[in-house]
1. Residue check: is Glu38 in contact with a Lys or Arg (Cβ under 7 Å, 6 or more places away or on another chain) and open to solvent by 60 Å² or more (accessible area, probe 1.4 Å)?
2. So which pairs qualify, if the first residue must be in region 1-21 and open to solvent by less than 40 Å² (accessible area, probe 1.4 Å) and modelled with pLDDT of 90 or more, the second must be of a type in the set (Ser, Thr, Tyr) and outside any loop (DSSP other than H, G, I, E, B), the Cβ gap must be under 9 Å, and the two must be at least 6 apart or on different chains?
3. Would you mind stating whether Leu118 is of a type in the set (A, V, I, L, M, F, W, C), open to solvent by 50 Å² or more (accessible area, probe 1.4 Å) and under 26 Å from the mean Cα position of the chain (by Cα)?
4. Looking at (1) within 15 Å of Phe104 (Cβ to Cβ); (2) assigned to a helix (DSSP H, G or I); (3) acidic (Asp, Glu), which one does Asp84 not meet, given that it meets all the others?
5. In region 37-71, which residue that is part of a loop (DSSP other than H, G, I, E, B) and among the basic types (Lys, Arg) is nearest to the chain's Cα centre (by Cα)?
6. Kindly indicate which of Leu90, Leu111, Leu134, Leu105 is part of a helix (DSSP H, G or I), of a type in the set (A, V, I, L, M) and under 16 Å from Thr46 (Cα atoms).
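The values are calculated or read from the model by the stated rules, or taken from the named source; none is laboratory data. Since the structure is predicted, the reported quantities are computational estimates derived from the model, not experimental observations. Positions of Cβ are backbone-derived with ideal geometry, glycine not excepted, and every protein chain shown enters the neighbour counts. When the accessible area is computed, the model is the full protein with side chains, heavy atoms only, and any ligands, DNA or RNA have been set aside. Shrake-Rupley method; radii C 1.70, N 1.55, O 1.52, S 1.80 Å.
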Amino acid sequence: MAPTLTARSTLPLVVITGPTASGKTGLAVKLAERWNGEIICADSRTVYKDMNIGTAKPTVAEQARVRHWLLDVVSPGERFTVADFQRRALAAIDDIRRRGKIPFLVGGTGLYIDAVVLGFTFGPDVDAAQRRELEKMTVDQLQALIKKQHIAMPENALNKRHLI
């Protein structure tokens, strides 16, 4: 069953999204202060520790004004998927609401936001050994394997990553 937003609360989930450096964080901090909220960062780069340049992470001062979630949660090079983000974001939303506060989902990674808001369902985790074997194959070999297994060819059938 797909994770869903908690139904036991009437508190809203406020979503603020847009491109980098468009003022999302500043707006979110002001609104969260005014409406007793906390911010969940929905950005595929700010989840990484030590990636502070070019990611537009909330400043230390902004983080001191309002609690921020999902900042600096994994090391660069560590695997972190949209399913991981969704699971952690939904847990944060539950925690924030349970304490009577309003969650603000803020960021520019649309896939992260959609996974939470639209309740995407994800399959089982990848088989790392199988992935390594598939990565050794050529595009032609991957296409032949897909045809042999009667799987629909991806839209970009020349992209090895899509084929895998």
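1. no
2. Ile16/Thr25
3. yes
4. Only one criterion is unmet by Asp84, namely (1).
5. Arg45
6. Result of the check over Leu90, Leu111, Leu134, Leu105: Leu111.
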